[in-house]
1. Residues to consider are B:G74, B:G43; find the one that is touching a Lys or Arg at 6+ places or on another chain (Cβ under 7 Å), at positive phi and surrounded by fewer than 24 Cβ atoms within 10 Å (Cβ to Cβ).
2. Within region B:163-194, can you find the residues that are of a type in the set (A, V, I, L, M, F, W, C) and either closer than 21 Å to B:E80 by Cα or surrounded by fewer than 21 Cβ atoms within 10 Å (Cβ to Cβ) (or both)?
3. For B:E127, indicate whether it is within 9 Å of chain A (Cβ to nearest Cβ) and either part of a strand (DSSP E or B) or out of contact with any His (no Cβ under 9 Å at 6 or more places or on another chain) (or both).
4. May I ask you to list the residues in region B:280-307 that are among the charged types (D, E, K, R) and part of a loop (DSSP other than H, G, I, E, B)?
5. Would you point out the residue of region B:69-81, among those that are farther than 19 Å from A:Q153 by Cβ and assigned to a strand (DSSP E or B), that is farthest from the other protein chains (Cβ to nearest Cβ)?
6. Among the residues of region A:41-50, are any of a type outside the set (K, R) and part of a loop (DSSP other than H, G, I, E, B)?
7. So A:V261 ticks every box in (1) in a loop (DSSP other than H, G, I, E, B); (2) surrounded by 24 or more Cβ atoms within 10 Å (Cβ to Cβ) but one. Which box is left unticked?
8. In region B:1-49, how many are without any contact (Cβ under 8 Å) to a residue 60 or more places away in the chain and part of a helix (DSSP H, G or I)?
Amino acid sequence: MPRNAIDIPEKIEYLSILNEKGELDTSLEPDIPEELLLKLHRSIILGRKFDERLLNLQRQGRIGTFAPTSGQEAAHLGAVALLRPSDWLVPAFRETAAEVWRGRSLESVIIYFNGYDEGAEIPQDLNNLPISVPVGSQIPHAVGLGWAARYRQTDDVAMTFFGDGATSEGDFHEGLNFAAVFQAPVIFVCQNNHWAISNPVAKQTRSKTLAQKALAYGMPGIQVDGNDVLAVYAAAKEAVERARAGHGPTLIECVTYRMTVHTTADDPKRYRTEEEVEQWHKRDPIVRYQKYLLDKSLLSEDKIADIESEVLEEIQAAVDGAEEKMKALGDPIDMFEHAYARMPTYLKEQKEAFAEEVAEMTEVKNSG
Amino acid sequence: MAKMTMVQALNLALQQEMEKDDRVIVLGEDVGVDGGVFRVTDGLIDQFGEERVLDTPLAENGIVGMAIGMAVYGLKPVCEIQFSGFSYQNFHQIENHAARLRRRSRGRYQVPMVLRTPYGGGVRALEHHSESREAYWAHTPGIKTVIPSGPRNARGLLVSAIRDPDPVIFYESKALYRAFREEVPEEEETVPIGQPRIVREGKDLTMIAYGAMMRPTLEAAASLKDKDGVEAEVIDLLTVSPLDDEIFVTSVLKTGRALIVHEAPRSFGPGAEIATRLMEKAFYYLEAPIERVTGYDIIIPLFSREKAYFPNEERILRAAMKALKN
């Protein structure tokens, strides 16, 4: 009786196009229109500057806790850049630049993180889901959306994001398994930023890569340099094209790094070294991508400075706009809305009782 | 009209809604080729194909999570979770997402899905197959919990649940699946969600129950009339949540006495909420303490002892006599 190796045809590739110095592997350079290259650049800058501003607002007590994205901009923008408006974005909570790329306003981000539900409102024309805080729980939704898009005979796809920690969740396993079984057009993008709060990826899994988990589900998986926007774009392009053509899902592992805190309530000094963080600062996705664009003469130092100041103005306008809008959002009675399509009788009674009580209670009335 | 079991009536509801509306998709474990372990989805795959009747991998959370995505897209998924004892594995998707996406997206998205699942005991089943945990779902704002008590209202409620814009947990008593038949009209019939019904009129005592407990409650009401001349009013909740109290409060204003029956454990069960609503809205009309006849606060025993766990006609009668004193 034989005891033979089973030939599993798939393999896992690692893709990097811009090296850590921003030098291009010309044989792998994806064909991206100039306009899109520049839009990506501006979005990465906007993502970084907005993140820095949010951190600043949080430290000043002007917004609440949020999850910063610095260092991961290329990992999510490079992927989301492949989507059409009719496709679906199913985010976790560390893809703010991707949400903004898809049309979410900066104002709404500020309003949301300052604790107003209005900031979660999704305009009718955006196929974005709201962020999902319970880790990995959004993954199966992308499968349902992708399945439904195919049931309706469109070639729309769903793209969902999650971190390395999420790959330990049942939702990850179930979502990928369902997507593969039903050949749903879904792109699973793992932003492996090395840390699930304090737990390093080595304590999350014994797998050599996260991408290889795809093989067990019978779908292609690829590991890319997540701080190289060209590599992320190239991998996502293949995955999106495959999904649109009806050939099922893909798992993309973007190897990246969370340059700052998990959330503003976290102190990373408790679990990781300054040296490690410093190493990753050298691989900053912005520096590498800018070098590429400078080498191609698509950008100049002056132009970069102009973009940065434009972006800062845009952010300032959003902060001002959000703060102005929030002045009108104090009324706590809003909390009773959108519970059901039609408000049940007992909830109407609770709402009426609350309105009566609140009229006499200054503290609650002024909670906004 | 044909005489149908609850299984057949539920099947009719699914079949007709799928025929009318191509947004309706059935998914779950063994719902296709096998027709569901209780045969509620029997024949649907033959009529509608694998495209609309999905035999899924064995993962309750995956089923519900995928259904949420379908519902957000605009479809109307009807999931079957094989036994309610396995639905705790998908509790998180209901609590964290199905119940909240309307609120979280400020009305942009809704989750018009149905989670059908057999609950309760009485069929000499394995462990984890017999409990009655509707209170878990009823405690979560944003979803509805519906429990029919017979073939005809099961059919009408399932049609309403499929058409409802909000997520509905649809508890089917497996003890009732084939317990009796009722006339069920072939033509469309709906039963509104959120409206309890008076199923027997009376002036002396209000008995409130739902699901599998309707039969022993109605038997007890008949005995009260036959043996003691007591006219009990019996109310079938049909919807546990959102709980509409108008009918049972109005009834107790008339009778002054109330008795609540459920299979679920006593503490923090639906009876506690019903009793509190009566305290709030009918306190000065109560002639006696409100009685509860319920499951005990224990893990339901294996089937050789399960009969001792359930409320039955005798227990209900004893409680009724207490409620009728003073």
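1. Numbers: B:G43 fails: touching a Lys or Arg at 6+ places or on another chain (Cβ under 7 Å).
After ruling out the rest, the residue left standing is B:G74.
2. Within region B:163-194, B:V168, B:I169, B:F170, B:A175, B:L176, B:A179, B:F180, B:V191, B:I193 qualify.
3. no
4. B:E287, B:D297, listed by residue number.
5. Top of the filtered list is B:E80.
6. Restricting attention to region A:41-50, the residues satisfying the condition of being of a type outside the set (K, R) are A:41, A:43-47, A:50.
Now drop any that are not part of a loop (DSSP other than H, G, I, E, B), which leaves none.
Looking for residues that are of a type outside the set (K, R) and part of a loop (DSSP other than H, G, I, E, B), one finds none in region A:41-50, hence no.
7. Status for A:V261: all satisfied but (2).
8. Result for region B:1-49: 10.
The values are calculated or read from the model by the stated rules, or taken from the named source; none is laboratory data. Note that the coordinates shown come from a computational prediction; the quantities given were computed from them, not determined experimentally. Because the Cβ atoms are built from the backbone with ideal geometry, glycine has one as well, and the counts that use them run over all protein chains shown.
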